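Novice: Okay, here's the structure, questions in a sec.
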Amino acid sequence: RLLWILGAILLIVSDGIDGEFARGLCTESRYGKAVDPIADKLLVISIAIALAFEYTGLYGWWAAPFVIATCAVGVHEVMLAMTGAAVGLQAKRLGIDPHGSVDAGKAKFALQGFAIVFGWLCLNPVGLFVSTSALTLALYFSMQSRKAYIDQLKALNKLSPGHFSPHNMASTHPSSPS
């Protein structure tokens, strides 16, 4: 249990400083910008899934809302990553830098981190309720973050005849107009 708590705290702290560290050393890269959010999402999802198993073992069906919230966050994080990738590909195709994180994305990540840390610290019904509530609220901010990506994609698409969308990403190649 202590390992999961430390992992969650490390995740939150590292997310806040790794980009600043890279910028401070002038070592930021497109690869880092692309991989960092994906790594963050994988860590959040894996720690939340481990917590879901823990709560399920302790409370059985009473943990169902947390499990559902964890699954919803996991699915939406994948959708968010795909939409962000579409923005990055279209921006690269146009030779411009995409916008960075939006405030909704930062609020989402903070709530996810809080839900996970609080959940591991308080493996009791209060922890279950608070963690479930925080994850559910994080899902709202995740939706707002994805909306911001979709708005960016729409703006980028106005600059180019060939375009990406979150819905046709798999069938559209960046070098061929659609």
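The values are calculated or read from the model by the stated rules, or taken from the named source; none is laboratory data. Bear in mind that the values here come from a model prediction, so they are computed numbers and not experimental data. Backbone-built Cβ (ideal geometry, glycine too); neighbour counts: all protein chains shown. All accessible areas refer to the heavy atoms of the entire protein, side chains included, with ligands and DNA or RNA removed. Shrake-Rupley method; radii C 1.70, N 1.55, O 1.52, S 1.80 Å.
Novice: Give, in nm to one decimal, the length gained when the segment between V130 and D151 is fully stretched (0.36 nm per residue of separation minus the Cα-Cα distance). Walk me through the numbers before you get to the answer.
Specialist: Values: separation 21, 0.36 × 21 = 7.56 nm, distance 3.17 nm.
Fully extending the segment from V130 to D151 adds 4.4 nm.
Novice: Peptides 40-50, 109-119: what's the order by average Cβ count within 10 Å, highest mean first?
Specialist: On the way: 40-50: 19.5, 109-119: 23.4.
So the peptides 40-50, 109-119, ranked by packing, come out 109-119, 40-50.
Novice: Let me ask something else. Give the lysines reachable from K41 as a straight Cα distance under 22 Å; neighbours fewer than 8 places away on the same chain don't count.
Specialist: Answer for K41, where 22 Å is the Cα cut-off: K33, K106, K108, K147, listed by chain and number.
Novice: Could I ask something else about it? Expressed as a whole percentage, what fraction of the accessible surface of region 34-151 belongs to carbon and sulfur atoms when a 1.4 Å probe is rolled over the protein heavy atoms? Before the final figure, lay out the partial values.
Specialist: On the way: 4350 of 5840 Å².
Result for region 34-151: 74 percent of the exposed heavy-atom area is carbon or sulfur.
Novice: Let me ask something else about it. For E54, E20, what's the largest-to-smallest order of accessible area, 1.4 Å probe? Mind showing how you got there, number by number?
Specialist: Details: E54 75, E20 115 Å².
Highest to lowest solvent-accessible surface, that is E20, E54.
Novice: Using alpha-carbon positions, what is the distance between the centroids of region 41-63 and region 103-119, in Å?
Specialist: Each part reduced to its Cα centre gives a spacing of 15 Å.
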